[in-house]
Every structure is written in structure tokens, then in C-alpha cells.
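Structure first, commentary second.
No lab work stands behind these numbers, since they all come straight from the coordinates. Quick caveat: nothing in here was measured; it's all calculated off a predicted structure. Please note: Cβ atoms are built from the backbone with ideal geometry, for glycine as well, and neighbour counts cover all protein chains shown.
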Amino acid sequence: MKIGLAALALAGALFGFVLPVRADEPSTLMIGSGSWETLRDNYRTGEVDVDYRSSYKLWIFHPHAGFVVAGDGDYYADVGLLTDIFWTDHIVTTLGSAFGGYGGGGYNLGSHFEFRSGIDNAYRFSDGTRLGIGFYHISNAGITRENGGSESLLVEFTIPVGGF
């Protein structure tokens, strides 16, 4: 996980100098739906994600907080940082990392403390809403003996909201 955070910071630094990061992006609420345990056929089930993404800036990063509820009873809540990379006025990639708490009765991830890293690619409409695809990985980064990890693939809809 340390390598993942370092890679995210490096990518953010490099892209921050090369590609524009919009200062005027509002806070948003992302609602996603897709598959939990995407890469494990025998554990795959549906999931719903909700993520508040703040407009507050820490250099090129924005804080975010969210939660996941999966069809097998698993749940995960997290806080972290993300950055948007605008390739054009309408195409945006979001890179994010977070840490949080996990529970439930589905696939055993090995710890109640887990890390999440992911990428979203979206089309940004003129009114600020986004429609895209997201992929992320959750694991405990080896802090316990068991480190099952989980991947999710989502269709995401993001709407601008007021707030922090």
C-alpha cells in the first residue's frame, strides 16, 4: 500500500505540472452501482457506493468520504484524498486513495482496517454532472496475516452539491 500511495502522489505531482486541475470544481456527490468481488466469480455480488467529494483543495488533492454496501452484507466506510485530471473540457480521470473500516459476513478481507485505491474515468457534462466507470481495490496492505483484497467495477453518476 505504501507503494500505491507513493505512486498516487508521484502521479499527482507529475500530472499537476502537465495537465490542468480545475480550481472551480464544486463539491460533488458520487453514486455508483456495480459488482463487489469483481474478480472472484464465486463471491461476486452487487454493490452500491456513495462518496462525498469536497471542493476544498490541498494542493491538487481534494478530501472525500464515502461508504460501500455490498449484496453479501459487507460494508466499508472511508476517508481519503483524490485528484482530478482533465484531459479535455469533458473527459476527466479521478485518482483516489483512502483508508477506512470494513465489516460484514461476505468474503474475508483479513482486517477491519482497510485501504482503498482506485481510478474513475468520466464524461463531464457542461452542468458539472459526470457519468463514468470506476475500478478500485480494497486491501489491508499486509498489516495482518490474511490479506484477501477485493476489487469493484462501477457505473458512477456524480452531481455537483454545495458544501465543504
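As a calculated quantity, the FRET efficiency between residue 39 and residue 99 at R0 = 35 Å, using C-beta atoms, amounts to about 0.95. The gain in end-to-end length when the residue 50 to residue 157 segment is fully stretched comes to 37.5 nm, 0.36 nm per residue minus the alpha carbon separation. For the stretch 78-150, the orientation-averaged shadow of the C-alpha convex hull comes to 5.5 nm² (one quarter of the hull surface). Here the simple spin-label model places points 7 Å from the Cα toward Cβ, and for residue 72 and residue 129 these points are separated by 3.3 nm. Over the stretch 2-160, with a single point scatterer placed on each C-alpha, what log10 of the ratio I(q)/I(0) does the Debye formula yield at q = 0.13 1/Å? Log10 of I(q)/I(0), two decimals: -0.58.
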